[in-house]
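Peer 1: One structure coming up, written as structure tokens, with questions to follow.
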Amino acid sequence: MKIKKNYKILFVEDDPEELKGFESFISDNKLNYIYTVVNSVSQAKHKLSKENFDIILADYIVADGTAFDILSLERDEPIIIITALGNEGVAAKALKEGAYEYLIKDPENNFLKILPQTIENAIKHKALEENLFLLSQAVEQGPAIIEITDAEGIIKYANNRFYDFTGYAKEDTLGNSPGFLKSGAMPRVEYKKLWQTILNGDEWKGEFYNRKKNGDYFWEYASIKPIRNSKGKITHFIKVAKDITNRKNTEKLLKETNEKYKELADYTPQTIFEADLEGDIVFMNRTGLEVFGYKDKDLNDGLNIFELFDKSDVSKLKEDLKELSNKSKFVFGEYQAVKKNGVIFPVATYSSPILGSGEIIGYRGIVVDITKIKQSEEKLRESEERFRKIVQNINEYIYSVTYKNGKAVTTYHSPKSYSVTGYYPNEYEEDKRLWFKMIYEEDRENVQEFLNNIQKKLIPGKIEHRIIRKDGEIRWVLNTTTISLDSEGKLQRVDGFILDISEQKTLLEKLEALSLIDELTGLYNRRGFITLAKQQLKLANRTKRKMFVLFIDMDNMKQINDVYGHLEGDNALKEISELLRKTFRDSDIIARIGGDEFVVLALSDMNVDDKFLIDRVNDAILKVNQSGENLFKLAVSIGKSCYNPDKPTPIEELIEKADDSMYRDKKSKKNPKK
């Protein structure tokens, strides 16, 4: 016998002679079975309630029941029924109710000869069933969208994810070509390349822009591979895809924001970039391309932010960016950057998250070439005298503090301290606490903790904080320190430099604001309105209060531009914007969403309805026109829609309804009823 597995067996048998034959067979054939014998159904049930077995061997009839009583327990173990009294009907019933096999006893116990192989087959069959079940669950319940077609491209199988995601039912899918998913946006030549690839036996990978049953469009990234039979002939194709719609929408959103501040960014002397969550760069200013040696074509072909840094620093950069995953507003780091030609140089980065609908959708940052600073730091470590000479020729404010027995005994401040703080070096000598006094009050605790880490824990580092210059101006600075220890390991000197980073801070704030604010009027733009309006509608749902959307369109904008020029046209837009600010409440959301189109989301209450709001706008326009302060006369058409929290409506639909209402108002002015 080759079968010598240590299977754990429960044997239900009440005939001592049969049991004796079973045990002799096991012993003679040196089978390493671990078996337990019970002589009744009740004993079997008790044993099974306490432990599990690999297989159950059960005599058809025992003292208090039959093997069918054990089958009724619906155990996971395979069950083999052994009997000398059964017939074909009993065997058929046993197999139908879940028995793996039905063996007939014979006087010579020949059935025992096939028992080991039957046990082996039963256990393997059970394991195969479990594996198939797990595999089917992975396919059916997993996140991947899976389709299988025959060699002609007719769908033979699709998993549950496919049906749930696309909205199509099995009767819509099976037996059809996947063409019903096409959006019409993908060129036919791409499908031709796809078929050439897979019919050649190769894997195809790429993106589809498809359409669901409800008409919604979606992006998916797919892999299509051929399936061959035992003779190597292609019989089917399997497609495994994942939904990348959110990623594609994110890429689109990031690209849309680029143009709004690209011109501003191109004028800054530092590298500015934006990247998605995978690190793919979607924007880099002209300075950045020049610093790193790349062209627009390189950016268009695909450039990842991690390609700009030395491999030794990539993991550190990724860890620092994780801080932004916690929505930290700002992260600073120093790394070794790599130009396209392979030249390595040190940089400092200032990064912040890009948010969309309250979630992080990418990163933006400034990269500063700090080669000169690093060279200066290296020279600082060489000697005090060389340090002082270098200080006179660099732009950063440098200081040095000498310690003895844990106390500061001398300090040095470079002449550049005046350009950063407004104080001359001698003023620091006259007031030893001046440097700490000029720290912005809210930042002092953090700076004190930073100093404690240097003085007590001997941990140098960097910190960003605000200072109040001598002239009262508040500025942001980056304070970077190094330490020197004496022969006993005690603090001997702290050297540092302070860099004014106010412009970088301001630039980042401007770049972030540009994505939500209309530059001309100072009102929210369309994105800003949609973002805030969605939050306001959620609040209305909780408080059960109605809201109104007013769509306001200037009637005579073209006439103003043609007669008085575009400058006066801009003034007209600003006049309307200021009028709306004064007319509506601070809690109302006002935005310019197009050239001469404005929308307002206003909260309804007992004293305010849509007619009241429209009348207020018209009254305000009348007063402005009567004042005679402008060359032009203002005129608008106004449409309205109402938000009912009992029947929620998306903000986009409310805008569309108000827009339609506005056009009816405009039309009524052109064609008044007689």
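Peer 1: Based on the inverse mean of 1/r over its pairs of different Cα atoms, what is the Kirkwood hydrodynamic radius of segment 564-674, in Å?
Peer 2: Radius from the Kirkwood sum: 15.4 Å.
Peer 1: Per 5 Å bin, what is the whole-percent P(r) computed from every C-alpha pair distance within segment 520-603?
Peer 2: Values per bin, smallest distances first: 3, 14, 24, 22, 15, 10, 6, 3, 2, 0.
Peer 1: Follow-up question, since we're still on this one. When all protein chains stay in place, what accessible area (Å², nearest 10, 1.4 Å probe) is found for Lys379?
Peer 2: 80
Peer 1: If you keep only loop residues by DSSP, which GluC sites (Glu not before Pro) in segment 1-110 have at most 11 other Cβ atoms within 10 Å of their Cβ?
Peer 2: For GluC sites (Glu not before Pro) across segment 1-110 that sit outside H, G, I, E and B with at most 11 neighbouring Cβ atoms in 10 Å, the list reads Glu51, Glu74, Glu108.
Peer 1: In addition: Enter the per residue convex hull volume of the chain, computed from alpha-carbon coordinates, in Å³ rounded to the nearest integer.
Peer 2: So the per-residue hull volume is 360 Å³.
Peer 1: To continue, here is another question. Which whole-number value in Å² is the accessible area per residue of segment 497-629, probe 1.4 Å?
Peer 2: 52
Peer 1: Quick one: putting +1 on the C-beta of Lys and Arg, -1 on the C-beta of Asp and Glu, what dipole do you get for segment 164-285 around its Cα centre, in Debye to the nearest 20?
Peer 2: Using Cβ point charges on Lys, Arg, Asp and Glu, segment 164-285 gives about 900 debye.
Peer 1: For segment 94-184, taking Cα atoms only, what is the radius of gyration to one decimal and the Dmax to the nearest whole Å?
Peer 2: 21.7, 75
Peer 1: What accessible area per residue comes out for segment 32-166, rounded to a whole number of Å², with a 1.4 Å probe?
Peer 2: Averaged over the residues of segment 32-166, the accessible area is 53 Å².
Peer 1: Towards the positive end of the charge dipole of the chain, with charges on Cβ (+1 Lys, Arg; -1 Asp, Glu), say which of Trp204, Asn561, Ala63 has the farthest Cα.
Peer 2: Looking along the dipole axis, the top candidate is Asn561.
Peer 1: A further question follows. Can you tell me the mean projection area, over all orientations, of the convex hull of segment 475-571's alpha carbons? Units nm², please.
Peer 2: 13.1
Peer 1: In debye, nearest 20: dipole of the chain around its Cα centre with unit charges on the Cβ of K, R (+) and D, E (-)?
Peer 2: 1380
Peer 1: Starting from the Kirkwood Rh over alpha-carbon pairs, what translational D in µm² s⁻¹ does segment 1-111 have by Stokes-Einstein at 20 °C and 1.002 mPa s?
Peer 2: D = 150 µm²/s.
Peer 1: Cα convex hull of segment 144-250: how many Å³ per residue?
Peer 2: Expressed per residue, the convex hull around the Cα atoms of segment 144-250 is 99 Å³.
Peer 1: Would you please calculate the Kirkwood hydrodynamic radius of segment 399-461 over all C-alpha pairs and express it in Å, rounded to one decimal?
Peer 2: Hydrodynamic radius (Kirkwood, Cα only) of segment 399-461 equals 12.8 Å.
Peer 1: Extension gain Glu23-Ala63, at 0.36 nm per residue separation less the Cα-Cα distance, in nm?
Peer 2: Separation in residues times 0.36 nm, less the Cα-Cα distance, equals 12.3 nm.
Peer 1: Projecting each Cα onto the charge dipole of the chain (Lys/Arg +1, Asp/Glu -1 at the beta carbon, about the Cα centre), which of Leu434, Leu128, Asn176 comes out farthest on the positive side?
Peer 2: Leu434
Peer 1: Place +1 on the Cβ of every Lys and Arg and -1 on the Cβ of every Asp and Glu in segment 139-297, take the dipole about the Cα centre, and give the residue among Leu289, Asn246, Ile154 whose Cα lies farthest towards its positive end.
Peer 2: Among Leu289, Asn246, Ile154, the one farthest towards the positive end of the dipole of segment 139-297 is Ile154.
Peer 1: Once the whole set of protein chains is in place, how much accessible area is left on Val409, using a 1.4 Å probe, in Å² to the nearest 10?
Peer 2: Rounded to the nearest 10, the figure is 80 Å².
Peer 1: I would also like to ask the following. Count the net charge of all other residues whose Cβ sits under 14 Å from the Cβ of Leu289, scoring Lys and Arg as +1 and Asp and Glu as -1.
Peer 2: Surrounding charge for Leu289 is -2.
Peer 1: Let me ask something else about it. How charged is the neighbourhood of Thr521? Take every other residue with its Cβ under 13 Å from the Cβ of Thr521, and add Lys/Arg as +1 and Asp/Glu as -1.
Peer 2: My count for the surroundings of Thr521 gives -3.
Peer 1: From the protein chains alone at 1.4 Å, what is the descending order of accessible area for Glu396, Glu129, largest first?
Peer 2: Accessible-area ranking of Glu396, Glu129, largest first: Glu129, Glu396.
Peer 1: Can you pull the percent of the chain's accessible area that's carbon plus sulfur, 1.4 Å probe, other chains left in place?
Peer 2: Carbon and sulfur: 50 percent of the exposed surface of the chain.
Peer 1: Calculate for the chain the 222 nm mean residue ellipticity that helices alone would give, adding -39,500 (n - 2.57) per DSSP H run of length 4 or more and normalising by residue count, nearest 500 deg cm²/dmol.
Peer 2: -13000 deg cm²/dmol
Peer 1: Separate question: At a probe radius of 1.4 Å, what is the per-residue accessible area of Phe632, in Å² to the nearest 10?
Peer 2: 10
Peer 1: I've got another one for you. Counting only heavy atoms of protein chains, what accessible area per residue, in Å², does segment 253-310 have with a probe of 1.4 Å?
Peer 2: 49
Peer 1: Another question, then. Report the Cα centroid-to-centroid distance between segment 596-646 and segment 107-170 in angstrom, as an integer.
Peer 2: 66
Peer 1: How would you classify segment 146-185 from its alpha-carbon gyration tensor, with a ≥ b ≥ c the square roots of the eigenvalues: rounded for a/c under 1.5, else prolate if a/b is greater than b/c, otherwise oblate?
Peer 2: Oblate.
Peer 1: For segment 517-535 and segment 179-196, compute the distance between their C-alpha centroids and round to whole Å.
Peer 2: Segment 517-535 and segment 179-196 have Cα centres spaced 39 Å from each other.
Peer 1: Sticking with this structure for a sec: Which entries in the list Lys544/Lys666; Lys126/Lys156; Lys262/Lys322 go over 29 Å, if you measure between the two C-alpha atoms of each?
Peer 2: Correct reply: Lys544/Lys666.
The values are calculated or read from the model by the stated rules, or taken from the named source; none is laboratory data. All values reported here derive from a predicted model rather than from experimental measurement. Here Cβ is always computed from backbone atoms with ideal geometry, including for glycine, and neighbour counts include all displayed protein chains. Protein only, heavy atoms only, side chains kept; ligands, DNA and RNA dropped before computing areas. Shrake-Rupley method; radii C 1.70, N 1.55, O 1.52, S 1.80 Å.
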